[in-house]
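Written below as structure tokens is the structure these notes are about.
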Amino acid sequence: MSREDLPNLISMLRIVMVAPVVWALGTEQFALALILFAVAGISDGLDGFLAKHYHWESRLGSILDPIADKLLLVASFATLTWLGALPVWLLWLVIARDLIIIGGGLAYHYKVGQFDLTPLWSSKINTTLQIALVLLVIVKQQWFEGLDQLVTIGIWLVVASVINSGTEYVLVWGARAWRQIKQKQ
């Protein structure tokens with residue numbers, strides 16, 4: 001293993017951390033869940049920084065990083081929904097956005113050409129807001145029951161970012177696909 005593999009290793013470790021985070025949340029060990037989730041969230045920024053700053057970017061990394069993010073976030077959202085800390089409709093909205101992006105990416109790949117997995121800025125903002133909401137809900141569950149209003153604001157910020165990001169992916173990649181299809185004709 002070389003230094004260039006470090007961002008991919010961090011992404012793989014984040015994937016491995018999903019199970020302990022879900023276990024800690026599911027057993028209502030919120031302090032432990034907060035630590036594990038925070039470490040996973042920080043590792044997301046770290047692997048991206050290392051890849052970009054040192055030019056250790058790779059095709060594998062461009063696949064592993066979003067998979068690690070989605071697994072951690074969807075598993076955390078699902079567990080918090082199961083505990084009654086987040087609404088079921090929010091979980092379905094988050095999953096629907098991801099399925100639309102994945103479905104669009106696959107359609108693009110098979111109908112147009114190779115799908116570049118570069119995230120849009122709206123997606124990075126969405127991921128950040130989802131991480132912040134999970135952290136906020138965990139803090140509320142463990143220490144501050146009175147954060148209901150702040151959690152509600154966080155939920156609506158995530159809703160807005162999910163809709164904005166999902167729409168932007170459809171519009172941006174739809175336009176790219178349209179241009180490439182036109183060029184081939």
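The values are calculated or read from the model by the stated rules, or taken from the named source; none is laboratory data. This one's a predicted model, so the numbers in the text were calculated from it and none came from an experiment. So basically every Cβ, Gly included, is an ideal-geometry build from the backbone, and we count neighbours across all protein chains shown.
Which one of these is in contact with a helix residue (DSSP H, G or I) (Cβ under 9 Å, 6 or more places away or on another chain) and in contact (Cβ under 8 Å) with a residue 60 or more places away in the chain: PRO87, PRO119? Walk me through it before giving the result.
On the way: PRO119 fails: in contact (Cβ under 8 Å) with a residue 60 or more places away in the chain.
Going through PRO87, PRO119 in turn, the sole match is PRO87.
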Would you mention how many residues in the range 107-135 are under 16 Å from the mean Cα position of the chain (by Cα) and assigned to a helix (DSSP H, G or I)? 15
LEU99 vs. criteria at pLDDT below 95 and farther than 20 Å from SER161 by Cα: no
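Mind counting the residues in the range 75-106 that are part of a helix (DSSP H, G or I) and loosely packed, with under 14 Cβ neighbours inside 10 Å? Outline the logic, then answer.
Step one: filter the range 75-106 for residues part of a helix (DSSP H, G or I), giving 75-82, 88-106.
Next cut, loosely packed, with under 14 Cβ neighbours inside 10 Å only: 88-89, 92, 96, 99, 102-103, 106.
Total meeting the criteria: 8.
With respect to PRO66, determine if the residue is touching a residue at least 40 places away in the same chain (Cβ under 8 Å), farther than 16 Å from THR127 by Cβ and in contact with a Ser or Thr (Cβ under 9 Å, 6 or more places away or on another chain). Let's see the steps before the verdict.
Details: touching a residue at least 40 places away in the same chain (Cβ under 8 Å): yes; farther than 16 Å from THR127 by Cβ: no; in contact with a Ser or Thr (Cβ under 9 Å, 6 or more places away or on another chain): yes.
For PRO66, the condition - touching a residue at least 40 places away in the same chain (Cβ under 8 Å), farther than 16 Å from THR127 by Cβ and in contact with a Ser or Thr (Cβ under 9 Å, 6 or more places away or on another chain) - is not met.
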Name the residues in the range 34-74 that are hydroxyl-bearing (Ser, Thr, Tyr), touching a Lys or Arg at 6+ places or on another chain (Cβ under 9 Å) and either exposed (fewer than 14 other Cβ atoms within 10 Å of the Cβ) or in a loop (DSSP other than H, G, I, E, B) (or both), would you? TYR54
